[in-house]
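Take a look at the structure below.
The values are calculated or read from the model by the stated rules, or taken from the named source; none is laboratory data. What you are looking at is a predicted structure, and each value in this text was computed from that prediction instead of being measured. When we count neighbours, we look across all protein chains shown, and the Cβ atoms used for this are built from the backbone with ideal geometry, even at glycine. Side chains included, ligands, DNA and RNA excluded: accessible areas come from the protein's heavy atoms. Shrake-Rupley method; radii C 1.70, N 1.55, O 1.52, S 1.80 Å.
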Amino acid sequence: RRLGAVVLIMVPLLIGVLWSFGFAGYLIGTLNILTGFIGAILIGMGIDHGIHLLGRYEAERAEGKDSHDALMATFADTGRAAVVAAATTTVAFLGLSISEFRAFREFGIIAGVAMLLLMASYSAILPALLGLAEKMGWRPRSVTHGGGSAYARWAMRARGPLLILTLLFMVASALGLPQWAFDFNFRNLVSSNMPSFKLDHTI
């Protein structure tokens with residue numbers, strides 16, 4: 001709900017997304033039916049890094065540290081965790097790059113590299129933005145440490161039943177694994193009442 005926080009988080013994110021599209025344009029040239037959604041996916045996944053980094057910075061400033069020390073602590077600790085998270089996501093996406101299906105392969109390459117570009121953008125641009133913002137009068141909000149949310153307190157009290165329910169759900173899901181299947185027929189994704197769809201089989 002703070003305009004300053006939105007700007008600090010979104011500017012590096014959007015720059016990272018632009019870098020990602022530049023990489024896609026340089027390496028592949030065009031987007032396909034899957035990579036066309038890559039921008040929305042990257043924004044949804046990449047914004048987590050900005051939220052965590054800004055939150056940690058504000059917590060460090062609330063403890064009385066100056067801007068330099070707060071930045072050092074933020075990127076030495078939370079920044080390291082964010083890099084590891086981005087790296088694991090990159091590996092997961094790059095797993096699609098060995099697919100024989102071109103749309104999956106291109107999606108995996110672009111998304112995998114993009115996660116690293118987003119982290120690089122936050123690492124390079126967020127510190128500069130924070131320094132500039134504080135010189136212009138922006139101040140981090142004071143962080144208050146309450147007892148956690150009501151849901152968190154309830155979850156801690158009910159952790160035993162929640163664990164049992166989770167295990168039961170996992171067992172039920174595992175029993176249903178043999179019934180799962182992948183639909184390789186892309187015709188099922190097209191509206192069946194379209195004239196072109198009805199004529200496709202005849203043609």
Checklist entry - Within the range 108-116, is there a residue that is under 13 Å from the mean Cα position of the chain (by Cα), within 29 Å of S67 (Cβ to Cβ) and assigned to a helix (DSSP H, G or I)? => result yes
Checklist entry - Could we say that E134 is in contact (Cβ under 8 Å) with a residue 12 or more places away in the chain and either farther than 19 Å from D48 by Cβ or surrounded by fewer than 17 Cβ atoms within 10 Å (Cβ to Cβ) (or both) here? => result yes
Checklist outcome for this item: Within the range 160-188, residues being loosely packed, with under 10 Cβ neighbours inside 10 Å and either under 30 Å from H201 (Cα atoms) or among the basic types (K, R) (or both) number 9
Checklist outcome for this item: Result of the Cβ filter at 6 Å on the range 2-16, keeping first residues that are modelled with pLDDT under 95 and partners that are not in a helix (DSSP H, G or I), at least 6 apart or interchain, is G4/W138
Item to check | Of all residues making up the range 79-90, the number that are closer than 19 Å to I125 by Cβ and open to solvent by less than 30 Å² (accessible area, probe 1.4 Å) | outcome: 3
Next on the checklist: Please pick out the residue among F75, F104, F93, F23 that is closer than 30 Å to F184 by Cα, surrounded by 17 or more Cβ atoms within 10 Å (Cβ to Cβ) and modelled with pLDDT of 90 or more.
Outcome noted: F93
Checklist outcome for this item: For the range 26-35, the count of residues that are in a helix (DSSP H, G or I) and open to solvent by less than 50 Å² (accessible area, probe 1.4 Å) equals 1
Checklist entry - Of these, R80, R61, R105, R56, which one is part of a helix (DSSP H, G or I), within 18 Å of F21 (Cα to Cα) and of a type in the set (D, E, K, R)? => result R105
Checklist outcome for this item: (1) surrounded by fewer than 16 Cβ atoms within 10 Å (Cβ to Cβ); (2) hydrophobic (A, V, I, L, M, F, W, C); (3) part of a helix (DSSP H, G or I) all hold for I38 apart from (1)
Checklist entry - Can you name the residue in the range 42-59 that is open to solvent by 60 Å² or more (accessible area, probe 1.4 Å) and in contact (Cβ under 8 Å) with a residue 40 or more places away in the chain and is also farthest from the chain's Cα centre (by Cα) among such residues? => result I51
Item to check | One residue from S123, S67 being modelled with pLDDT of 90 or more, more than 20 Å from G39 (Cβ to Cβ) and surrounded by 14 or more Cβ atoms within 10 Å (Cβ to Cβ) | outcome: S123
